[in-house]
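To start, the structure itself, in structure tokens.
The values are calculated or read from the model by the stated rules, or taken from the named source; none is laboratory data. Quick caveat, the model's predicted, so the values are computed rather than measured. Positions of Cβ are generated from backbone atoms using ideal geometry, with glycine treated the same way; all protein chains shown enter the neighbour counts. These accessible areas exclude ligands, DNA and RNA; they are computed on the full protein's heavy atoms, side chains included. Shrake-Rupley method; radii C 1.70, N 1.55, O 1.52, S 1.80 Å.
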Amino acid sequence: MNAIACQVVSIEALTPVVSKVLLAPSVSVPFIAGQYLQLCLTPTDKRPFSIASIPEHTLLELHIGTPEGDNWSSAAMSHLQQHYTLATPVQVEIGLGHAQWRQQSERPIILLAGGTGFSYVHSIAMAIAAAAQDKPVFLYWGVRSEDALYYQAELASWAAAHPKYRFIPVVQQPSATWQGRTGLVHETVLTDFVSLDAYDIYMAGPFAMAGVARDAFIKQGGHREQMFADAFAYI
């Protein structure tokens with residue numbers, strides 16, 4: 001795949017460890033909601049990141065987490081920061097992956113994200129809304145603490161504007177003031193649905209989470225061919 005030059009338009013801190021990066025491609029590049037891009041640090045060092053925006057948007061939005069000790073993501077952020085400061089383009093490969101939104105499916109949808117895997121389900125959720133699809137959509141976002149829910153207000157508005165859409169944040173280690181759901185995000189899905197037979201399920205997050213969720217969902221009636229995650233290619 002040929003790399004495309006992109007200008008780094010902005011870098012904004014969403015939390016102390018997550019940044020939103022906006023890229024402006026030099027040419028129009030088609031992709032499908034749910035696909036990812038690769039940031040090319042060198043011709044042989046390419047690092048994948050989910051695209052949080054939708055194809056209709058001019059800019060590509062990334063959410064990049066750089067927790068302490070994560071040298072892999074930190075190197076990517078340093079690369080982006082350097083090019084942002086110098087106003088020089090970065091090279092990316094766009095439109096990768098096989099877990100993109102299946103727009104023609106008539107089944108209701110469950111979107112499941114852990115941590116910054118949220119950027120993947122955010123793209124699909126926004127694409128569903130843009131297409132004005134009149135079907136149930138349940139977006140579950142699991143985080144360790146509630147301060148990691150950096151798009152909580154936006155998703156609450158998304159759900160409020162569409163009667164069939166629901167946003168369910170799940171906090172693993174809640175504070176005393178948290179009033180929402182708690183625990184592991186995939187277990188919350190299992191609690192909420194007696195059977196997953198009728199649903200398309202899209203998920204992103206740590207590979208371990210994706211594997212555990214896939215196996216548990218199949219036991220609860222889900223169909224492997226109706227589950228989508230790029231992690232499945234590696235687990």
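With protein chains left intact and a 1.4 Å probe, residues in segment 67-172 average 45 Å² of accessible area per residue. Straight-distance candidates among the lysines for linking to residue 135, with alpha-carbon spacing under 20 Å and chain neighbours fewer than 8 residues away dropped: 164. Within the straight-line cut-off of under 14 Å between alpha carbons, the aspartates and glutamates reachable from residue 46 are 93, sequence neighbours fewer than 8 places apart in one chain being disregarded.
Relative contact order for the chain: 18 percent, from Cα pairs under 8 Å spaced at least 6 residues apart, divided by residue count. Of all DSSP-defined beta bridges confined to the chain, some 55% are antiparallel rather than parallel. One equal scatterer on each Cα of the chain, no solvent, Debye formula: the resulting log10 I(q)/I(0) at q = 0.14 Å⁻¹ is -0.90. Using the Cβ-Cβ distance between residue 233 and residue 176 with R0 set to 41 Å, the FRET efficiency from 1/(1 + (r/R0)^6) comes to roughly 0.50. Per residue, the chain reaches -8000 deg cm²/dmol at 222 nm when only DSSP H runs of four or more residues are counted, each adding -39500 (n - 2.57). With all protein chains in place and ligands, DNA and RNA left out, the 1.4 Å accessible area ranks 107, 47, 144 as 144, 107, 47, largest first. Restricting segment 166-202 to chymotrypsin sites (Phe, Trp or Tyr not before Pro) that sit in a DSSP loop and have at most 15 other Cβ atoms within 10 Å of their own Cβ leaves 178.
Relative protection proxy for 218-224, 146-152, from highest mean packing down: 146-152, 218-224 (other beta-carbon atoms within 10 angstrom). Ranked from largest to smallest solvent-accessible area, with a 1.4 Å probe on the protein heavy atoms, 164, 20 come out as 164, 20.
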